[in-house]
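The values are calculated or read from the model by the stated rules, or taken from the named source; none is laboratory data. Note that the structure is a prediction, hence the values are computed from the model and not measured. Cβ placement follows ideal geometry from the backbone for every residue including glycine, while neighbour counts extend to all protein chains displayed. The area values use the complete protein model at the heavy-atom level, side chains included, leaving out ligands, DNA and RNA. Shrake-Rupley method; radii C 1.70, N 1.55, O 1.52, S 1.80 Å.
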Amino acid sequence: MKAAVFQGPGRIAWQDVPDPSLQDPGDAILRVDVVTICGTDLHILKGDVPEVTPGRVLGHEAVGTVVETGRDVRTVRPGDRVLVSCISACGRCRFCREGRYGQCRGGGGWILGHLVDGTQAEYVRVPFADLSVHPLPSPVDSLDAVLLADIFPTAYEVGVLNGGVRPGDTVVVVGAGPVGLAAVATARLYSPGRIIAVDLAESRLAAARELGADATALAGEGPEQLVADLTDDGLGADVVMEAVGVPETFEMCTRMVRPGGRVANIGVHGKPASLHLEDLWIKDVTLTTGLVDTSSTPMLLRMMAAGRLPAAELITHRFDPGQMEEAYDVFGRAADTGALKVALGGARHTALETTTATDAG
Ligand SMILES: [Zn+2]
Ligand SMILES: [Zn+2]
(Lines give C-alpha, C1' and ligand atoms only; values in the text may rest on other atoms or scores of the structure.)
(Ligands and ions follow the chains in the order given, each with its own letter.)
Protein backbone atom coordinates (compact mmCIF):
# COMPACT_ATOMS: atom_id res chain seq x y z
CA MET A 1 0.00 0.00 0.00
CA LYS A 2 0.95 3.67 -0.11
CA ALA A 3 1.59 5.72 3.03
CA ALA A 4 3.06 9.05 4.17
CA VAL A 5 6.42 8.04 5.58
CA PHE A 6 8.54 10.32 7.77
CA GLN A 7 12.05 10.34 6.32
CA GLY A 8 13.70 12.52 8.96
CA PRO A 9 13.42 16.26 9.67
CA GLY A 10 11.89 18.19 6.79
CA ARG A 11 11.14 15.18 4.61
CA ILE A 12 7.98 13.16 4.04
CA ALA A 13 7.16 10.87 1.10
CA TRP A 14 4.04 9.09 -0.15
CA GLN A 15 5.56 5.72 -0.89
CA ASP A 16 5.06 1.93 -0.93
CA VAL A 17 5.15 0.18 2.45
CA PRO A 18 3.97 -3.30 3.53
CA ASP A 19 0.24 -3.60 4.31
CA PRO A 20 -0.48 -3.61 8.06
CA SER A 21 -1.56 -6.89 9.63
CA LEU A 22 -3.12 -7.94 12.95
CA GLN A 23 -0.47 -8.12 15.66
CA ASP A 24 -2.63 -8.37 18.77
CA PRO A 25 -6.08 -9.88 19.41
CA GLY A 26 -7.42 -6.37 20.20
CA ASP A 27 -6.33 -4.86 16.86
CA ALA A 28 -8.47 -3.83 13.93
CA ILE A 29 -7.30 -3.19 10.36
CA LEU A 30 -9.09 -0.30 8.63
CA ARG A 31 -9.23 0.99 5.11
CA VAL A 32 -8.67 4.74 5.46
CA ASP A 33 -11.47 6.74 3.80
CA VAL A 34 -10.75 10.31 5.00
CA VAL A 35 -7.57 11.52 6.63
CA THR A 36 -6.27 14.90 7.74
CA ILE A 37 -2.95 16.50 8.59
CA CYS A 38 -2.50 17.99 12.05
CA GLY A 39 -0.31 20.80 13.33
CA THR A 40 1.36 18.11 15.41
CA ASP A 41 2.45 16.39 12.18
CA LEU A 42 4.22 19.61 11.21
CA HIS A 43 6.00 19.59 14.60
CA ILE A 44 7.13 16.03 13.84
CA LEU A 45 8.29 17.08 10.40
CA LYS A 46 10.34 19.89 11.92
CA GLY A 47 12.05 17.34 14.16
CA ASP A 48 10.40 18.60 17.39
CA VAL A 49 9.15 15.13 18.38
CA PRO A 50 12.27 12.95 18.65
CA GLU A 51 10.35 9.73 19.53
CA VAL A 52 9.12 9.67 15.93
CA THR A 53 11.82 7.84 14.01
CA PRO A 54 12.46 7.78 10.25
CA GLY A 55 10.28 5.17 8.54
CA ARG A 56 7.22 5.93 10.68
CA VAL A 57 3.88 6.35 8.90
CA LEU A 58 2.40 9.60 10.24
CA GLY A 59 -1.20 10.58 10.99
CA HIS A 60 -3.58 10.21 13.95
CA GLU A 61 -6.88 11.53 12.55
CA ALA A 62 -9.06 9.49 10.17
CA VAL A 63 -12.36 7.92 9.29
CA GLY A 64 -12.16 4.41 7.88
CA THR A 65 -13.93 1.16 7.20
CA VAL A 66 -13.10 -1.92 9.24
CA VAL A 67 -11.71 -4.73 7.07
CA GLU A 68 -10.42 -7.18 9.70
CA THR A 69 -10.58 -7.55 13.47
CA GLY A 70 -8.60 -9.53 16.04
CA ARG A 71 -10.39 -12.27 17.97
CA ASP A 72 -10.87 -10.11 21.11
CA VAL A 73 -12.56 -7.18 19.32
CA ARG A 74 -16.26 -7.04 20.25
CA THR A 75 -17.64 -3.61 19.35
CA VAL A 76 -16.88 -3.32 15.62
CA ARG A 77 -16.77 -5.76 12.73
CA PRO A 78 -15.75 -5.74 9.08
CA GLY A 79 -17.76 -3.25 7.05
CA ASP A 80 -18.35 -0.79 9.90
CA ARG A 81 -17.58 2.88 9.21
CA VAL A 82 -15.64 4.23 12.19
CA LEU A 83 -13.87 7.31 13.50
CA VAL A 84 -10.26 6.68 14.53
CA SER A 85 -9.51 8.59 17.71
CA CYS A 86 -6.12 10.30 17.99
CA ILE A 87 -5.88 8.60 21.41
CA SER A 88 -5.86 4.84 21.87
CA ALA A 89 -6.91 3.32 25.19
CA CYS A 90 -5.92 0.01 26.78
CA GLY A 91 -8.99 0.28 29.03
CA ARG A 92 -7.27 -1.47 31.92
CA CYS A 93 -4.69 0.87 33.42
CA ARG A 94 -5.31 3.33 36.24
CA PHE A 95 -5.73 6.30 33.91
CA CYS A 96 -8.01 4.53 31.43
CA ARG A 97 -10.22 3.48 34.33
CA GLU A 98 -10.58 7.18 35.18
CA GLY A 99 -11.40 8.02 31.55
CA ARG A 100 -8.04 9.77 31.20
CA TYR A 101 -7.06 7.84 28.08
CA GLY A 102 -4.45 10.39 27.02
CA GLN A 103 -2.32 9.31 29.99
CA CYS A 104 -2.75 5.55 29.32
CA ARG A 105 0.10 3.48 30.79
CA GLY A 106 -0.93 0.22 29.16
CA GLY A 107 0.40 0.84 25.67
CA GLY A 108 -2.20 3.38 24.52
CA GLY A 109 -2.34 7.18 24.65
CA TRP A 110 -1.12 9.11 21.62
CA ILE A 111 0.55 6.27 19.73
CA LEU A 112 -0.81 6.47 16.15
CA GLY A 113 1.62 8.25 13.87
CA HIS A 114 3.90 8.66 16.87
CA LEU A 115 4.99 5.33 18.39
CA VAL A 116 3.23 3.06 15.87
CA ASP A 117 2.34 3.58 12.21
CA GLY A 118 -0.51 6.02 11.71
CA THR A 119 -3.47 6.90 9.52
CA GLN A 120 -1.92 8.75 6.57
CA ALA A 121 -1.99 5.57 4.55
CA GLU A 122 -4.35 3.40 2.55
CA TYR A 123 -4.74 1.02 5.52
CA VAL A 124 -4.00 1.35 9.24
CA ARG A 125 -3.74 -1.03 12.18
CA VAL A 126 -5.55 0.38 15.23
CA PRO A 127 -4.57 -1.22 18.55
CA PHE A 128 -7.16 -1.60 21.35
CA ALA A 129 -9.89 -1.15 18.73
CA ASP A 130 -12.81 -1.57 21.15
CA LEU A 131 -11.94 1.67 22.96
CA SER A 132 -10.04 3.48 20.20
CA VAL A 133 -12.53 3.68 17.33
CA HIS A 134 -16.10 4.95 17.34
CA PRO A 135 -18.79 3.55 15.02
CA LEU A 136 -20.33 6.42 13.07
CA PRO A 137 -24.08 7.01 12.98
CA SER A 138 -25.31 7.25 9.40
CA PRO A 139 -26.28 10.97 9.40
CA VAL A 140 -22.70 11.98 10.13
CA ASP A 141 -20.60 12.58 7.01
CA SER A 142 -17.09 11.12 7.11
CA LEU A 143 -15.63 14.46 6.14
CA ASP A 144 -17.24 16.13 9.16
CA ALA A 145 -16.55 13.24 11.52
CA VAL A 146 -12.81 13.35 10.92
CA LEU A 147 -12.76 16.64 12.85
CA LEU A 148 -13.76 14.63 15.94
CA ALA A 149 -10.57 12.56 15.82
CA ASP A 150 -8.58 15.32 17.50
CA ILE A 151 -9.45 18.99 17.09
CA PHE A 152 -12.95 19.04 18.60
CA PRO A 153 -12.24 16.87 21.67
CA THR A 154 -8.93 18.71 22.18
CA ALA A 155 -10.57 22.13 22.06
CA TYR A 156 -13.48 21.03 24.21
CA GLU A 157 -11.61 19.04 26.88
CA VAL A 158 -8.31 20.89 27.15
CA GLY A 159 -9.76 24.35 26.45
CA VAL A 160 -13.43 24.62 27.41
CA LEU A 161 -13.65 22.01 30.21
CA ASN A 162 -10.22 22.67 31.74
CA GLY A 163 -10.90 26.39 31.45
CA GLY A 164 -14.23 25.91 33.25
CA VAL A 165 -16.24 28.11 30.87
CA ARG A 166 -19.49 29.18 32.54
CA PRO A 167 -22.55 31.12 31.40
CA GLY A 168 -21.82 34.82 31.15
CA ASP A 169 -18.04 34.43 31.08
CA THR A 170 -15.77 36.53 28.92
CA VAL A 171 -13.68 33.97 27.05
CA VAL A 172 -10.53 34.80 25.07
CA VAL A 173 -9.13 32.32 22.56
CA VAL A 174 -5.59 33.16 21.44
CA GLY A 175 -4.90 31.41 18.14
CA ALA A 176 -7.67 30.89 15.59
CA GLY A 177 -6.31 27.82 13.82
CA PRO A 178 -8.46 24.68 13.64
CA VAL A 179 -8.24 23.95 17.38
CA GLY A 180 -8.80 27.58 18.40
CA LEU A 181 -11.82 27.74 16.10
CA ALA A 182 -13.19 24.52 17.58
CA ALA A 183 -12.66 26.12 21.00
CA VAL A 184 -14.75 29.10 19.93
CA ALA A 185 -17.50 26.78 18.69
CA THR A 186 -17.56 24.55 21.79
CA ALA A 187 -17.23 27.43 24.27
CA ARG A 188 -20.54 28.66 22.87
CA LEU A 189 -22.23 25.52 24.22
CA TYR A 190 -21.92 27.14 27.67
CA SER A 191 -23.48 30.49 26.76
CA PRO A 192 -20.51 32.71 27.58
CA GLY A 193 -21.19 36.43 27.68
CA ARG A 194 -18.59 37.21 25.06
CA ILE A 195 -15.92 35.36 23.06
CA ILE A 196 -12.87 37.28 21.86
CA ALA A 197 -10.52 35.66 19.31
CA VAL A 198 -6.94 36.75 18.66
CA ASP A 199 -4.77 35.72 15.71
CA LEU A 200 -2.10 36.99 13.32
CA ALA A 201 -4.29 36.46 10.24
CA GLU A 202 -7.43 38.38 9.35
CA SER A 203 -8.76 35.37 7.38
CA ARG A 204 -8.70 33.25 10.53
CA LEU A 205 -10.40 35.98 12.54
CA ALA A 206 -13.14 36.08 9.90
CA ALA A 207 -13.58 32.33 10.39
CA ALA A 208 -13.72 32.88 14.16
CA ARG A 209 -16.50 35.46 13.75
CA GLU A 210 -18.40 33.04 11.52
CA LEU A 211 -18.14 30.36 14.22
CA GLY A 212 -19.35 32.66 16.98
CA ALA A 213 -16.60 35.01 18.17
CA ASP A 214 -18.16 38.33 19.20
CA ALA A 215 -14.97 40.39 18.93
CA THR A 216 -11.62 39.76 17.26
CA ALA A 217 -8.20 41.38 17.35
CA LEU A 218 -5.10 40.99 15.26
CA ALA A 219 -2.17 40.00 17.46
CA GLY A 220 -0.27 43.16 16.51
CA GLU A 221 -3.16 45.54 17.13
CA GLY A 222 -3.58 45.67 20.89
CA PRO A 223 -5.49 42.54 21.83
CA GLU A 224 -4.70 43.08 25.52
CA GLN A 225 -6.22 46.56 25.41
CA LEU A 226 -9.31 45.20 23.67
CA VAL A 227 -9.79 42.59 26.39
CA ALA A 228 -9.36 45.26 29.07
CA ASP A 229 -11.85 47.54 27.30
CA LEU A 230 -14.44 44.77 27.07
CA THR A 231 -14.26 43.52 30.67
CA ASP A 232 -15.54 45.02 33.93
CA ASP A 233 -13.09 47.59 35.32
CA GLY A 234 -10.55 46.38 32.74
CA LEU A 235 -9.81 43.41 34.96
CA GLY A 236 -9.42 40.85 32.18
CA ALA A 237 -11.17 37.73 30.97
CA ASP A 238 -12.67 34.94 33.07
CA VAL A 239 -11.14 32.27 30.83
CA VAL A 240 -8.20 32.58 28.43
CA MET A 241 -7.24 29.70 26.14
CA GLU A 242 -3.82 29.41 24.52
CA ALA A 243 -4.15 27.62 21.17
CA VAL A 244 -0.84 28.49 19.50
CA GLY A 245 2.03 26.96 21.47
CA VAL A 246 4.70 29.67 21.51
CA PRO A 247 6.09 31.57 24.54
CA GLU A 248 4.78 34.97 23.44
CA THR A 249 1.15 33.88 23.21
CA PHE A 250 1.28 31.92 26.46
CA GLU A 251 2.66 34.94 28.30
CA MET A 252 0.03 37.16 26.66
CA CYS A 253 -2.68 34.84 27.96
CA THR A 254 -1.43 35.20 31.53
CA ARG A 255 -1.68 38.99 31.17
CA MET A 256 -5.26 38.84 29.84
CA VAL A 257 -6.81 36.85 32.68
CA ARG A 258 -8.71 38.50 35.54
CA PRO A 259 -7.89 37.85 39.20
CA GLY A 260 -9.43 34.47 40.03
CA GLY A 261 -9.63 33.58 36.36
CA ARG A 262 -8.41 30.54 34.46
CA VAL A 263 -5.77 30.08 31.76
CA ALA A 264 -6.15 26.84 29.80
CA ASN A 265 -3.13 25.92 27.69
CA ILE A 266 -4.02 23.88 24.61
CA GLY A 267 -0.99 24.71 22.44
CA VAL A 268 1.80 22.21 21.80
CA HIS A 269 4.96 23.95 23.00
CA GLY A 270 8.44 23.25 21.67
CA LYS A 271 10.27 25.82 23.82
CA PRO A 272 10.15 27.04 27.44
CA ALA A 273 7.79 29.92 28.21
CA SER A 274 8.16 32.29 31.15
CA LEU A 275 5.64 32.00 33.96
CA HIS A 276 5.55 35.43 35.61
CA LEU A 277 4.83 34.31 39.15
CA GLU A 278 6.02 37.70 40.39
CA ASP A 279 2.76 39.08 38.90
CA LEU A 280 0.55 36.02 39.12
CA TRP A 281 1.14 34.73 42.66
CA ILE A 282 -1.29 37.21 44.18
CA LYS A 283 -4.05 36.91 41.56
CA ASP A 284 -5.63 33.50 42.40
CA VAL A 285 -5.13 32.43 38.81
CA THR A 286 -5.62 28.78 37.81
CA LEU A 287 -3.44 27.44 35.02
CA THR A 288 -4.21 24.13 33.33
CA THR A 289 -2.34 21.99 30.82
CA GLY A 290 -3.36 18.78 29.16
CA LEU A 291 -3.31 16.21 26.43
CA VAL A 292 -6.73 15.31 25.09
CA ASP A 293 -8.34 12.15 26.50
CA THR A 294 -11.09 11.94 23.83
CA SER A 295 -13.48 10.86 26.58
CA SER A 296 -15.90 13.47 25.22
CA THR A 297 -15.92 12.04 21.69
CA PRO A 298 -19.18 10.03 22.02
CA MET A 299 -20.99 13.15 23.27
CA LEU A 300 -19.48 15.31 20.49
CA LEU A 301 -20.55 12.69 17.93
CA ARG A 302 -24.14 12.89 19.19
CA MET A 303 -24.01 16.67 18.90
CA MET A 304 -22.64 16.45 15.38
CA ALA A 305 -25.35 13.95 14.40
CA ALA A 306 -27.89 16.46 15.73
CA GLY A 307 -26.38 19.27 13.63
CA ARG A 308 -25.14 21.16 16.70
CA LEU A 309 -21.48 21.42 15.73
CA PRO A 310 -20.07 23.36 12.78
CA ALA A 311 -17.72 21.34 10.64
CA ALA A 312 -17.73 22.14 6.95
CA GLU A 313 -16.32 25.63 7.62
CA LEU A 314 -13.14 24.16 9.08
CA ILE A 315 -12.05 22.15 6.05
CA THR A 316 -10.63 24.63 3.57
CA HIS A 317 -8.77 22.30 1.20
CA ARG A 318 -9.65 18.88 -0.25
CA PHE A 319 -7.25 16.46 -1.91
CA ASP A 320 -7.22 12.96 -3.37
CA PRO A 321 -5.43 10.48 -1.10
CA GLY A 322 -2.44 10.30 -3.44
CA GLN A 323 -1.85 14.06 -3.14
CA MET A 324 -0.38 13.74 0.36
CA GLU A 325 2.85 15.64 -0.35
CA GLU A 326 0.92 18.51 -1.94
CA ALA A 327 -1.48 18.56 1.02
CA TYR A 328 1.45 18.79 3.45
CA ASP A 329 2.84 21.68 1.44
CA VAL A 330 -0.47 23.60 1.44
CA PHE A 331 -1.08 22.94 5.15
CA GLY A 332 2.50 23.81 6.07
CA ARG A 333 2.18 27.20 4.34
CA ALA A 334 -1.11 28.10 6.03
CA ALA A 335 -0.19 31.78 6.29
CA ASP A 336 -0.02 31.97 2.46
CA THR A 337 -2.66 29.41 1.53
CA GLY A 338 -5.27 30.26 4.17
CA ALA A 339 -5.50 26.57 5.04
CA LEU A 340 -7.36 25.63 8.20
CA LYS A 341 -7.88 21.89 7.97
CA VAL A 342 -6.95 19.90 4.86
CA ALA A 343 -8.73 16.61 4.11
CA LEU A 344 -7.71 13.80 1.80
CA GLY A 345 -10.37 11.46 0.44
CA GLY A 346 -14.06 11.42 1.26
CA ALA A 347 -17.15 12.42 -0.67
CA ARG A 348 -19.67 14.77 0.82
CA HIS A 349 -23.39 14.10 0.34
CA THR A 350 -25.11 17.15 -1.06
CA ALA A 351 -28.15 16.91 1.21
CA LEU A 352 -26.04 16.85 4.32
CA GLU A 353 -23.93 19.76 3.14
CA THR A 354 -27.06 21.88 2.88
CA THR A 355 -28.18 20.87 6.36
CA THR A 356 -24.79 21.57 7.89
CA ALA A 357 -24.50 24.97 6.29
CA THR A 358 -27.95 25.99 7.46
CA ASP A 359 -27.43 24.82 11.02
CA ALA A 360 -24.11 26.58 11.34
CA GLY A 361 -25.36 29.78 9.70
ZN1 LIG B 1 -4.06 16.03 15.45
ZN1 LIG C 1 -4.70 2.51 29.60
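Scan the chain and hand back the longest stretch that contains none of the GluC sites (Glu not before Pro) lying in DSSP loops with at most 16 other Cβ atoms within 10 Å. Each step should come with its number before you reach the end.
Values: sites that count: 51, 98, 221.
So the longest stretch without any such site is 222-361.
Would you list which lysines come within 29 Å of residue 283, measuring only between C-alpha atoms, while excluding same-chain residues fewer than 8 positions from it?
Of all the lysines, those that pass the test against residue 283 - Cα under 29 Å, at least 8 places apart if same chain - are 271.
Stretched out fully, how many nm does the piece from residue 42 to residue 318 gain, at 0.36 nm a residue minus the Cα gap?
Contour length minus Cα-Cα distance gives 97.6 nm.
Between helix 350-360 and the chain, what is the angle of the helix's C-alpha long axis to the longest principal axis, kept within 0 to 90° and rounded to the nearest 10?
Once rounded, one gets 20 degrees.
If you build a Gaussian network model of the chain, linking Cα atoms that sit under 10 Å apart, which residue out of 227, 67, 342 swings the most?
67
At what distance in nm do the modelled label points of residue 105 and residue 15 sit from each other, each positioned 7 Å from its Cα along Cα→Cβ?
3.8 nm
Please label the shape of the range 152-288 as rounded, prolate or oblate, based on the square roots a ≥ b ≥ c of the eigenvalues of the alpha-carbon gyration tensor (a/c under 1.5 means rounded; beyond that, a/b larger than b/c means prolate, else oblate). Before the final figure, lay out the partial values.
Numbers: a/c = 1.27, a/b = 1.18, b/c = 1.08.
Rounded shape, in that the Cα axes give a/c under 1.5.
Can you work out the FRET efficiency for the pair residue 138 and residue 218, with r the C-beta to C-beta distance and R0 = 41 Å, to the nearest 0.05?
Numbers: r = 42 Å, r/R0 = 1.02.
E(calc), rounded to 0.05, equals 0.45.
Compare the Cα positions of 219, 28, 297 along the charge dipole of the chain (+1 at Cβ of Lys, Arg; -1 at Cβ of Asp, Glu; about the Cα centre) and return the one farthest towards the positive end.
Of 219, 28, 297, it is 28.
For the chain, with every protein chain kept in place, what is the accessible area per residue (1.4 Å probe, Å²)?
Numbers: 15510 Å² over 361 residues.
It amounts to 43 Å² per residue over the chain.
Just the C-alpha atoms of the chain: what Rg/Rh do they give, with Rh taken as the Kirkwood radius? Present the calculation step by step, with values, prior to reporting the outcome.
Values: Rg = 19.9 Å, Rh = 20.6 Å.
With Rg and the Kirkwood Rh in hand, the quotient comes to 0.97.
Take every Cα pair under 8 Å in the range 259-323 that's 6+ residues apart, average their separations, divide by the length, and report that relative contact order as a whole percent. If you can, show how the numbers build up before the last one.
Numbers: 30 pairs, mean separation 22.9, N = 65.
Reported relative contact order: 35 percent.
Which ³J(HN,Hα) values, rounded to whole Hz and listed in residue order, are derived for the range 115-122 from phi using the Karplus coefficients 6.51, -1.76 and 1.60 in 6.51 cos²θ - 1.76 cosθ + 1.60 with θ = phi - 60°, glycine and proline given as x?
So the Karplus estimates, Gly and Pro as x, are 9, 10, 4, x, 8, 7, 7, 6 Hz.
Could you pull the accessible area for residue 96 with a 1.4 Å probe, rounded to 10 Å²?
The accessible area of residue 96 comes to roughly 10 Å².
May I ask you to give the percent of accessible area on the range 153-227 that is carbon plus sulfur, with a probe radius of 1.4 Å? Don't skip to the answer; put the middle values down first.
Working: 1270 of 2620 Å².
Answer for the range 153-227 is 48 percent, counting heavy atoms of protein chains only.
Determine how large the accessible area of residue 336 is when every protein chain is in place; take a 1.4 Å probe and give Å² rounded to the nearest 10.
120 Å²
Just grab the label-to-label distance for residue 325 and residue 72, each label 7 Å out from Cα along the Cβ direction, in nm (one decimal).
Here the modelled spin labels are 4.0 nm apart.
If the chain between residue 202 and residue 53 were fully stretched, how many nm would it gain, using 0.36 nm times the residue separation less the Cα-Cα distance? Provide the component values of the computation, followed by the final result.
Values: separation 149, 0.36 × 149 = 53.64 nm, distance 3.64 nm.
Full-extension gain reported as 50.0 nm.
Among the aspartates and glutamates, select those whose C-alpha is under 16 Å from the C-alpha of residue 46, and discard any that sit fewer than 8 residues away in the same chain.
Correct list for residue 46: 325, 329.
What does the helix-only formula give at 222 nm for the chain: each DSSP H stretch with n ≥ 4 adding -39500 (n - 2.57), the total divided by the residues, and the result rounded to the nearest 500 deg cm²/dmol?
Details: 13 runs with 94 residues, N = 361.
The helix contribution divided over the chain gives -6500 deg cm²/dmol.
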